[in-house]
1. Among the residues of segment 144-168, what is the count of those that are touching a residue at least 60 places away in the same chain (Cβ under 8 Å) and either among the hydrophobic types (A, V, I, L, M, F, W, C) or part of a loop (DSSP other than H, G, I, E, B) (or both)?
2. Considering ASN165, ASN146, ASN123, which residue is of a type outside the set (Lys, Arg), touching a Gly at 6+ places or on another chain (Cβ under 9 Å) and within 27 Å of ALA87 (Cβ to Cβ)?
3. Any residue that is of a type in the set (D, E, K, R) and under 30 Å from SER82 (Cα atoms) - is there at least one of those in segment 186-193?
4. If a residue has to be outside any loop (DSSP other than H, G, I, E, B) and either of a type in the set (Lys, Arg) or touching a Ser or Thr at 6+ places or on another chain (Cβ under 6 Å) (or both) to count, how many in segment 208-225 make the cut?
5. Can you tell me which residues in segment 179-193 are touching a residue at least 60 places away in the same chain (Cβ under 8 Å) and not hydroxyl-bearing (Ser, Thr, Tyr)?
6. Would you pick out the residues in segment 76-89 that are of a type in the set (A, V, I, L, M, F, W, C) and closer than 16 Å to TRP134 by Cβ?
7. Conditions first: (1) part of a strand (DSSP E or B); (2) surrounded by fewer than 16 Cβ atoms within 10 Å (Cβ to Cβ); (3) of a type outside the set (Phe, Trp, Tyr). LEU171 passes all but one, so which condition is the exception?
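The values are calculated or read from the model by the stated rules, or taken from the named source; none is laboratory data. Predicted model only: the values in this text are computed from it and were never measured. Glycine also receives a Cβ, built like all others from the backbone with ideal geometry; neighbour counts cover every protein chain displayed.
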Amino acid sequence: MTEIQRVVRGQEPEQHGPGFTRASAAHRQLHDVAQTKAAPVGADQRIEQTEPRVHRPEGERPGAAATPARAEHLKDGGLDGSEFLKAIDAGTLPQVAFYKPQGNLNEHAGYTDVLSGDQHIANVISHLEKSPQWAHMLVIVTYDENGGFWDHVAPPKADRWGPGNRVPAILIGTMVKQGFIDHTEYDTTSIIRFLMTRYGLPALPGITARDAALAANGSPPLGDLTNALQGH
């Protein structure tokens, strides 16, 4: 399923409009302190099988706890992403935003088509490129599945949860190496690693555990996406 993750720099938290981050402690921590730059690229990326689903329309989580943090950080993107697009056009996106398209546009196998999802993401990116925040933006388009059950490249060994099969990832923005395919090994936590690197944040326990598991199996830590950016 398609997910867009976007980061902006240069605004104070109280100035931000609707948030689209998942209402978890980890994402709240990143939302509160992140202020970032931006830019596009292509990258090999691996999926962690326990990746939480970020941003769903309100109706898809009827059992979610009605807490103030949830109300602040988990927003309904609107039909066809209309509310998300309004925030993009107005330049009021939060410093870190995670967007997942609605069900018929998320490219999930079995009940959607690829073309509709691709057209929706292309439209979202078109709005982002025209946003007042575009100059300091990094857009990451990635998926939580690889579209199949087989991959001819074995993932590195770490813990029981992954990394798993490779999934596509495209970085978009003004500071990404153009026409560049990055062969650095990443997983979906590389997005969090990027925010940690960018803002000097302490490592979250899950990142530390994954790195230890990789080291125990003779592999280096996974990348933080900076190899795909200009100046790195």
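1. First, the residues of segment 144-168 that are touching a residue at least 60 places away in the same chain (Cβ under 8 Å): 144-146, 155-158, 161-168.
Filter again for either among the hydrophobic types (A, V, I, L, M, F, W, C) or part of a loop (DSSP other than H, G, I, E, B) (or both), leaving 144-146, 155-158, 161, 163-165, 167.
Residues that pass the stated criteria total 12.
2. ASN123
3. Narrowing segment 186-193 to residues of a type in the set (D, E, K, R): 187, 193.
Within this subset, residues satisfying the condition of being under 30 Å from SER82 (Cα atoms) are 187, 193.
Within segment 186-193, one or more residues are of a type in the set (D, E, K, R) and under 30 Å from SER82 (Cα atoms).
4. Taking segment 208-225 and keeping what is outside any loop (DSSP other than H, G, I, E, B), we get 208-216.
Narrowing the set further to residues that are either of a type in the set (Lys, Arg) or touching a Ser or Thr at 6+ places or on another chain (Cβ under 6 Å) (or both) leaves 210.
Going through segment 208-225 one residue at a time, the tally reaches 1.
5. Just the residues of segment 179-193 that are touching a residue at least 60 places away in the same chain (Cβ under 8 Å), to begin with: 180-192.
Selection gives PHE180, ILE181, ASP182, HIS183, GLU185, ASP187, ILE191, ILE192.
6. Going residue by residue through segment 76-89, those that are of a type in the set (A, V, I, L, M, F, W, C) are 79, 84-85, 87-88.
Of everything in segment 76-89, those that are of a type in the set (A, V, I, L, M, F, W, C) and closer than 16 Å to TRP134 by Cβ turn out to be PHE84, LEU85, ALA87, ILE88.
7. (2)
Condition check ((1) hydroxyl-bearing (Ser, Thr, Tyr); (2) modelled with pLDDT under 50) across all residues:
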site: THR50; (1), (2): yes, yes
site: LEU74; (1), (2): no, no
site: ALA87; (1), (2): no, no
site: TYR99; (1), (2): yes, no
site: HIS108; (1), (2): no, no
